[in-house]
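J.: First the structure, then my questions, so here it is.
The values are calculated or read from the model by the stated rules, or taken from the named source; none is laboratory data. The structure displayed is predicted, hence computed values, not measured ones. So basically every Cβ, Gly included, is an ideal-geometry build from the backbone, and we count neighbours across all protein chains shown. When the accessible area is computed, the model is the full protein with side chains, heavy atoms only, and any ligands, DNA or RNA have been set aside. Shrake-Rupley method; radii C 1.70, N 1.55, O 1.52, S 1.80 Å.
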Amino acid sequence: MSLLPQFLEQFKATSLGILIDDTGTPTPRSALIAPAYEISPSVVNRAITLSAGLTFVSLSPERASAFMLQSMARPALPSPLPVLQNQGGLALYTSVEARHGISTGISAADRAATLRVLGGKDPQPRDLVKPGHIFPVEAREGGVLVKSAIAEGALDLVTMSGYTDAALFMDLLDARGDLLPLSEVPALAYREQLPIITLTDLIEYRLNKEPLITRAAEALLPTTQAGELRAIVYRSRIHDVEHIALVKGDVTEANPVLVRVQVESTVTDVFGGGDSAGAPSSRTLLHRSLSAINERGSGVLLYLRRPFLNDKSGQVQTLSNSGSDQRSANMMREYGVGAQILRDLGISKIEVLSSSSRLLAGLTSFGITVVSQRPVPEIDSDKR
């Protein structure tokens with residue numbers, strides 16, 4: 001039975017809750033969350049007292065665009081704010097302040113005023129000034145089903161509770177200013193009578209309620225490296241792209257299933273070529289992975305299409321293949337789409353083909369267990 005309905009009921013009553021990132025990320029964290037909509041100074045004051053962290057507010061892409069927020073340049077991050085620097089995965093915007101009714105901007109009342117502007121039903125960019133004491137963050141469209149992180153989880157929980165798409169979240173810190181150990185969070189929640197939920201609980205609930213992908217087509221595909229494969233096309237319900245699963249053999253009986261996840265890199269996938277450091281091209285990795293799957297007799301190669309061609313700064317992404325294998329690992333960790341495809345194929349345990357030095361984090365939340373990992377074999381099969 002899901003814990004989420006009970007959490008949402010309590011969250012609506014307290015206007016404050018705790019979200020734990022239990023997805024196996026390198027930096028485990030927990031955060032206080034609250035709706036920005038009509039938030040009171042007393043709730044903000046309580047959050048500041050309990051967390052001692054920076055005041056972030058997670059916004060949907062549409063709301064961030066409506067406020068005409070500008071991305072914060074990474075080199076401009078102030079060095080005295082280690083917690084902010086530790087938020088490397090956040091799409092940070094320039095800090096803001098409410099234009100009216102503000103004195104220093106630091107008090108709970110001032111922060112609440114800014115949060116109410118950010119969470120208002122009718123976003124007005126003229127109601128904000130920059131910089132300020134509130135750090136807006138753009139959450140990924142699709143929330144935790146696309147990226148399993150605190151910012152996305154906070155926004156999901158707030159919108160599921162019926163509030164506008166703006167969520168306050170503040171890292172829970174200990175007396176030394178470090179992230180509060182997850183082992184100490186339940187005691188804090190009990191002492192303060194606050195509802196508590198994990199990203200895993202939220203992800204599992206949403207996975208059962210709203211799948212992200214649908215099967216669009218299926219055909220047999222003859223390949224040089226792996227013989228005849230089943231090519232199954234999946235359409236994303238969030239991004240207007242189609243992903244492909246190349247399946248060898250009966251993967252429902254294999255345990256674990258050999259899986260390679262590769263992110264689209266059109267130029268190098270088609271024409272080959274490595275980078276200046278001598279790393280293999282994505283085309284080479286594709287061929288080597290298919291050969292490894294063929295040797296095993298069964299397995300899956302997931303080819304994930306990119307949802308966009310430009311990054312947040314508006315710069316066209318490089319066509320270089322540098323770090324292509326690491327991008328594959330990051331994509332599988334960040335995108336619930338890949339995990340949902342594996343679930344649809346009836347796969348729950350996998351052996352990962354990846355030269356990345358670490359196991360893929362967060363897959364347990366999607367019902368996928370990484371049993372083992374091995375590098376892509378160094379077989380020059382792309383010359384066949």
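One line per residue, one yes/no per condition, for (1) of a type in the set (Val, Ile, Thr); (2) open to solvent by 30 Å² or more (accessible area, probe 1.4 Å); (3) at pLDDT 90 or above:
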{"site": "Leu50", "(1), (2), (3)": "no, yes, yes"}
{"site": "Arg63", "(1), (2), (3)": "no, no, yes"}
{"site": "Ser71", "(1), (2), (3)": "no, yes, no"}
{"site": "Ala98", "(1), (2), (3)": "no, no, yes"}
{"site": "Ala113", "(1), (2), (3)": "no, no, yes"}
{"site": "Asp122", "(1), (2), (3)": "no, yes, yes"}
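J.: Does Ala226 satisfy the criteria of being open to solvent by less than 20 Å² (accessible area, probe 1.4 Å) and either over 21 Å from Glu152 (Cβ atoms) or over 25 Å from the mean Cα position of the chain (by Cα) (or both)?
T.: Considered against the rule, which asks whether it is open to solvent by less than 20 Å² (accessible area, probe 1.4 Å) and either over 21 Å from Glu152 (Cβ atoms) or over 25 Å from the mean Cα position of the chain (by Cα) (or both), Ala226 comes out as yes.
J.: Only one of these conditions is not met by Val144: (1) assigned to a strand (DSSP E or B); (2) crowded, with 24+ Cβ neighbours inside 10 Å; (3) out of contact with any strand residue (DSSP E or B) (no Cβ under 6 Å at 6 or more places or on another chain). Which number is it?
T.: (1)
J.: Here's a follow-up. Could you tell me whether any residue of the range 151-160 is β-branched (Val, Ile, Thr), in contact (Cβ under 8 Å) with a residue 60 or more places away in the chain, assigned to a strand (DSSP E or B) and farther than 30 Å from Leu345 by Cβ?
T.: Within the range 151-160, none of the residues are β-branched (Val, Ile, Thr), in contact (Cβ under 8 Å) with a residue 60 or more places away in the chain, assigned to a strand (DSSP E or B) and farther than 30 Å from Leu345 by Cβ.
J.: Continuing with the same structure: For the range 182-223: of the residues being open to solvent by 50 Å² or more (accessible area, probe 1.4 Å) and assigned to a loop (DSSP other than H, G, I, E, B), which is modelled with the highest pLDDT?
T.: Ranking the qualifying residues of the range 182-223, first place goes to Gln193.
J.: If the Cβ limit is 7 Å and pairs must be 6+ apart or interchain, which residue in the range 12-24 that is over 16 Å from Leu202 (Cβ atoms) pairs with which residue that is of a type in the set (A, V, I, L, M, F, W, C)?
T.: Pairs found: Thr14/Leu194; Ser15/Ala34; Ser15/Val43; Leu16/Leu32; Leu16/Ala34; Leu16/Val43; Leu16/Ala47; Leu16/Leu194.
J.: Here is a further query. Mind listing whichever residues of the range 229-240 are over 17 Å from Gly299 (Cβ atoms) and either of a type in the set (Lys, Arg) or open to solvent by 20 Å² or more (accessible area, probe 1.4 Å) (or both)?
T.: Val233, Arg235, Arg237, Ile238, His239, Asp240
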